[in-house]
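Right, one structure below, let's go through it.
Read the figures in this text as sums done on the coordinates, not as results from a lab. Note that the structure is predicted; figures quoted are calculated from it, not measured. All Cβ positions, even for glycine, are placed from backbone atoms using ideal geometry, and neighbour counts span all protein chains on display.
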Amino acid sequence: MIQYAEKPSDGDTELLVREKIAEGDLLQAQHIKCDALISVGNISFTYESVLFEILEMSKKETGDKVMFEVKIKVTKDGEVVNVSDNRLQFIDPPILCHNGTYRKETVEGSSVNIPNMHEDLECTLKEIIIKTVKKHSNIF
């Protein structure tokens with residue numbers, strides 16, 4: 001079922017990121033995003049019978065980019081699975097995730113459903129980890 005809603009308000013981190021981008025400070029905007037994701041802390045979660053454990057998170061400035069790195073442990077059926085040496089790296093990671101609702105917008109003359117996004121750092125962290133592991137492994 002598709003739910004329609006007004007575009008939700010953004011969270012404090014997203015507003016701060018937009019402010020830094022408007023000022024032309026893209027590097028600081030990336031630092032803010034990485035710091036926000038790191039603030040979630042080391043969590044564990046299960047997705048499709050696969051256990052994900054975040055062991056460590058860090059950020060590293062590389063020239064004009066900030067790299068967000070997550071060290072994980074992935075377990076399926078009691079066996080540890082190696083995915084990208086269990087270190088996932090993201091440049092300019094997202095901090096917004098889909099909230100389950102949509103809004104209608106006109107794109108190139110056609111009405112389309114656009115997912116509404118909101119700031120939920122834990123949800124976003126889980127999403128980027130799951131999407132990356134799906135892309136770089138065959139455990140699903």
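Checked against the criterion of being part of a strand (DSSP E or B), β-branched (Val, Ile, Thr) and free of Cβ contacts under 8 Å to residues at least 24 places away in the same chain, the candidates 72, 114, 32, 21 yield just one match: 114.
Annotation note: Cβ proximity below 9 Å between a residue of the stretch 118-139 that is in contact (Cβ under 8 Å) with a residue 60 or more places away in the chain and a residue that is assigned to a helix (DSSP H, G or I) and β-branched (Val, Ile, Thr) (sequence gap 6+ or interchain) occurs for 119/13; 121/13; 139/133. Every condition in (1) loosely packed, with under 11 Cβ neighbours inside 10 Å; (2) of a type in the set (Gly, Ala, Ser); (3) in contact with a strand residue (DSSP E or B) (Cβ under 8 Å, 6 or more places away or on another chain) is met by residue 110 except one, and the failing one is (3). Residues being part of a strand (DSSP E or B) and closer than 19 Å to residue 13 by Cβ are represented in the stretch 119-133 by at least one member. Within the stretch 75-100, being assigned to a strand (DSSP E or B) and over 18 Å from the mean Cα position of the chain (by Cα) holds for 75, 76, 79, 80, 81.
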